[in-house]
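Notes follow once the structure below has been shown.
The values are calculated or read from the model by the stated rules, or taken from the named source; none is laboratory data. The structure presented is a predicted model; accordingly, all values stated were derived computationally and were not measured. Quick reminder, even Gly has a Cβ in these numbers, built from the backbone with ideal geometry, and neighbours come from all protein chains shown.
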């Protein structure tokens, strides 16, 4: 069974530029999550989707971050404009509708200069 | 709201020695508990989980954890570590409220450094 796929693995941008990350969950997993992991910290949830609907985006900085999951499968997370403090690893995870276990992708390491 | 405290940021240990990584949580409702491992430049891999039943949970790679409700702890143990166990370990919780929210709240991580 293929795991959670993410791309790109690494991205370096200048502040005020925009960037987008892509995630493809495990096949059949209806629930998709985006987490932000700042160096030296545990991951923090940005947004949770159930199919193509948003369940929880209470910690998403909506003035600059956006995410979509239009067809209920893959998802895109965008930052526009980026700030220095957005430097982090962005992790995508997925789970089945009934399960609590989350399975993580390899992450995208973003560096904002 | 929940919180997770991992009491040790780093744990150095010699190969083949036992190890315990400590985790305490705070929540006003019942929770599910998890341990994840993160190797350098990789995502998080599920080590083990406590959902219900026996409070002693066995996971992959010889790890186990014990849920202690009265002490709100979920410590991770391994009787004999290998060099390959060197990694960052995260304790995480999610509550059982039927809201559809499944966000994991993570601790800040414990760096396990196994020395030869």
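Scanning for something without any contact (Cβ under 8 Å) to a residue 24 or more places away in the chain and either closer than 22 Å to residue B:90 by Cα or touching a strand residue (DSSP E or B) at 6+ places or on another chain (Cβ under 8 Å) (or both), does the stretch A:32-40 turn up at least one residue? Among the residues of the stretch A:32-40, at least one is without any contact (Cβ under 8 Å) to a residue 24 or more places away in the chain and either closer than 22 Å to residue B:90 by Cα or touching a strand residue (DSSP E or B) at 6+ places or on another chain (Cβ under 8 Å) (or both), which makes the answer yes. Candidates in the stretch A:100-113 are the residues that are touching a residue at least 40 places away in the same chain (Cβ under 8 Å) and assigned to a loop (DSSP other than H, G, I, E, B); of these, the one that is farthest from residue B:38 (Cα to Cα) is A:113.
Scanning the stretch B:103-116 for residues that are within 10 Å of chain A (Cβ to nearest Cβ) and either modelled with pLDDT under 85 or farther than 16 Å from residue B:2 by Cβ (or both) gives B:109, B:111.
Only one of the numbered conditions (1) part of a strand (DSSP E or B); (2) closer than 16 Å to residue B:43 by Cβ is not met by residue A:76, and that is (2).
Please go through the stretch A:85-95 and pick out each residue that is touching a strand residue (DSSP E or B) at 6+ places or on another chain (Cβ under 7 Å) and outside any strand (DSSP E or B).
From the stretch A:85-95, those touching a strand residue (DSSP E or B) at 6+ places or on another chain (Cβ under 7 Å) are A:86-95; that's our starting set.
Within the stretch A:85-95, A:86, A:87 qualify.
Selection of the stretch A:10-47 for residues being exposed (fewer than 13 other Cβ atoms within 10 Å of the Cβ), within 11 Å of chain B (Cβ to nearest Cβ) and modelled with pLDDT of 95 or more yields only A:10.
In the set (1) surrounded by 21 or more Cβ atoms within 10 Å (Cβ to Cβ); (2) over 10 Å from the mean Cα position of the chain (by Cα); (3) at pLDDT 95 or above, the condition left unmet by residue A:60 is number (1).
When the strands (runs of 3 or more DSSP E) confined to the stretch B:46-116 are screened for residues that are within 15 Å of residue B:19 (Cβ to Cβ) and touching a strand residue (DSSP E or B) at 6+ places or on another chain (Cβ under 8 Å), those reaching at least 3 such residues are found at B:64-68, B:73-78, B:87-95, B:110-115. Any chance the stretch B:5-24 includes a residue that's facing chain A (nearest Cβ under 9 Å) and free of Cβ contacts under 8 Å to residues at least 40 places away in the same chain? No, the stretch B:5-24 contains no residue that is facing chain A (nearest Cβ under 9 Å) and free of Cβ contacts under 8 Å to residues at least 40 places away in the same chain.
Residues in the stretch B:83-90: is at least one exposed (fewer than 13 other Cβ atoms within 10 Å of the Cβ) and within 14 Å of chain A (Cβ to nearest Cβ)? Give the derivation first.
Just the residues of the stretch B:83-90 that are exposed (fewer than 13 other Cβ atoms within 10 Å of the Cβ), to begin with: B:83-84.
Filter once more, keeping what is within 14 Å of chain A (Cβ to nearest Cβ): none.
No, there is no match, as no residue in the stretch B:83-90 is exposed (fewer than 13 other Cβ atoms within 10 Å of the Cβ) and within 14 Å of chain A (Cβ to nearest Cβ).
Within the stretch B:55-78, restricting attention to residues that are under 18 Å from residue B:28 (Cβ atoms) and within 12 Å of the chain's Cα centre (by Cα), which residue is surrounded by the fewest Cβ atoms within 10 Å (Cβ to Cβ)? Walk me through how you get there before you give the answer.
Step one: list which residues in the stretch B:55-78 are under 18 Å from residue B:28 (Cβ atoms), which gives B:67-74.
Right, trim to within 12 Å of the chain's Cα centre (by Cα) and you get B:67, B:73-74.
On the way: B:67: 21, B:73: 18, B:74: 28.
Here the residue is B:73.
Residue A:70 satisfies every condition listed in (1) at pLDDT below 95; (2) at the interface with chain B (Cβ under 9 Å from one of its Cβ atoms); (3) more than 24 Å from residue B:94 (Cα to Cα) except (2).
Return the residues of the stretch A:14-37 that are more than 12 Å from the chain's Cα centre (by Cα) and closer than 13 Å to residue A:69 by Cβ; say none if nothing qualifies. Hits for the stretch A:14-37 are A:29, A:30, A:31.
Do we find that residue A:82 is within 14 Å of another protein chain (Cβ to nearest Cβ), out of contact with any helix residue (DSSP H, G or I) (no Cβ under 9 Å at 6 or more places or on another chain) and not in a helix (DSSP H, G or I) in this structure? So that I can check it myself, show each step before the final result.
On the way: within 14 Å of another protein chain (Cβ to nearest Cβ): no; out of contact with any helix residue (DSSP H, G or I) (no Cβ under 9 Å at 6 or more places or on another chain): yes; not in a helix (DSSP H, G or I): yes.
Here the answer is no, as residue A:82 does not meet what is asked.
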